[in-house]
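Visitor: Here it is, the structure in full.
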Amino acid sequence: MILASRHSWARLVAAIAFTIACMNVHVDAKQAPKKKQKTTAVKSSAKKSKPAAKTTAKPADKAPPKEAQPDSSVVKIDANDPKAFTKAILLDKQGVEFEVVGEEKQPAPKLVVKEKKKEDFFDFSTMLVPITHPAPIASKYGIRDHRLHRGVDVSVIKDEPVLAAFPGVVTMAKYNKGGYGHYVIVDHENGLQTLYGHLSERLVKIGERVYPGDIVGLAGNSGRSSGAHLHFEIHYGEINIDPETIVDFPNWDLKPGVEKVSKKSIVRAHYNMQRKLKKEGTYVVKKGDTQGKVAKWFNISIEALCRINNLKPGAPLKAGQKLLGSK
């Protein structure tokens, strides 16, 4: 037992000694100076060789800055688009981003030239006078016996032919006991209307088409008349036209310039006559007046008086009532 322990101690001492020896060797290796490498040959060769040429590298050209690319999601609206405002409102409502581009051009001021209103004219140059020979006027157009005589009375030979003045259609052909007697009215294509009264006989019917020179009747003394004559009227709607404006009596020739007669002057003359008629052609009913008395004052029939004033035949009149003998 004692011998065995001695051997164990010997081995332990030997191991410790070996360990210490190894540690010393390791320390010596760290402290030993490093051997310099031979660089003489390398240095000499470097001295003999020419130094490499220095090259200055040119700096690379700077690339131009990239332009900002437009946002394709933004809708462009031309400022000069006449619908730009409407488009902007719609896009705004839809939540779409938009941009108004371009400079708005101010429209050049427009020169406004007022056109002169064209005046309307009547053309009577194609009119054919109803009597084909010279004939004197027995009574002119105007106020007569407190009422308007709306045409001219021409002295003629009984039963001589009376001719249509313009092409047109017969709209009236009848007998009127208290006024025109046998009379004919023709509506013409130019908007005019002619009346032929106191005929001895009517030779056309309502709806019949006539042309200048066609015989509409024979001159006579029918109706309220004191002798053979033709009562001739010209109208334009409710406008009365003095035949002497167109025809040169008693020669029955057309006057110069009838191809261009101002409508304005015709209308003005009509209303001037109406104002005059209002002053001179009004009868103020007095107490005890009758329809017959007033009709006699106007030199018209009772039937005509009632028709003009919307009276019932035989109805009593009121004092102060104003009556007309014509319109």
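Visitor: Determine if region 295-305 includes at least one residue that is free of Cβ contacts under 8 Å to residues at least 60 places away in the same chain and aliphatic (A, V, I, L, M). Full working, then the answer.
Guide: Going through region 295-305, the residues free of Cβ contacts under 8 Å to residues at least 60 places away in the same chain turn out to be 295-296, 305.
Narrowing further to those that are aliphatic (A, V, I, L, M): 295, 305.
Yes, region 295-305 has at least one match.
Visitor: Considering only region 222-235, state which residues are surrounded by 16 or more Cβ atoms within 10 Å (Cβ to Cβ) and either modelled with pLDDT of 95 or more or not in a strand (DSSP E or B) (or both).
Guide: S222, G223, R224, S225, A228, L230, H231, F232, E233, I234, H235
Visitor: Do we have K263 as in the same structural domain as G220 (by TED's automatic domain parsing) and farther than 26 Å from P136 by Cβ here?
Guide: Values: in the same structural domain as G220 (by TED's automatic domain parsing): yes; farther than 26 Å from P136 by Cβ: yes.
Considered against the rule, which asks whether it is in the same structural domain as G220 (by TED's automatic domain parsing) and farther than 26 Å from P136 by Cβ, K263 comes out as yes.
Visitor: Output the number of the condition that P212 fails; it satisfies all remaining conditions of (1) outside any loop (DSSP other than H, G, I, E, B); (2) over 28 Å from I308 (Cα atoms).
Guide: Of everything listed in (1) outside any loop (DSSP other than H, G, I, E, B); (2) over 28 Å from I308 (Cα atoms), P212 misses just condition (1).
Visitor: Which pairs turn up if I take residues in region 208-233 that are at positive phi and look for partners that are of a type in the set (F, W, Y) and surrounded by fewer than 21 Cβ atoms within 10 Å (Cβ to Cβ) with beta carbon separation below 9 Å, at least 6 apart in sequence or on another chain?
Guide: Within 9 Å, the pairs are G223/Y175.
Visitor: So S326 ticks every box in (1) under 43 Å from the mean Cα position of the chain (by Cα); (2) free of Cβ contacts under 8 Å to residues at least 60 places away in the same chain; (3) assigned to a loop (DSSP other than H, G, I, E, B) but one. Which box is left unticked?
Guide: Checking S326 against (1) under 43 Å from the mean Cα position of the chain (by Cα); (2) free of Cβ contacts under 8 Å to residues at least 60 places away in the same chain; (3) assigned to a loop (DSSP other than H, G, I, E, B), the one that fails is (2).
Visitor: Out of the residues in region 138-154 meeting the condition of being on the phi < 0 side of the Ramachandran plot and in contact with a helix residue (DSSP H, G or I) (Cβ under 8 Å, 6 or more places away or on another chain), tell me which one is surrounded by the fewest Cβ atoms within 10 Å (Cβ to Cβ).
Guide: K140
The values are calculated or read from the model by the stated rules, or taken from the named source; none is laboratory data. Keep in mind the model is a prediction, meaning the values are calculated, not measured. Ideal geometry is used to build each Cβ from the backbone, glycine not excepted, and the neighbour counts take in all protein chains shown.
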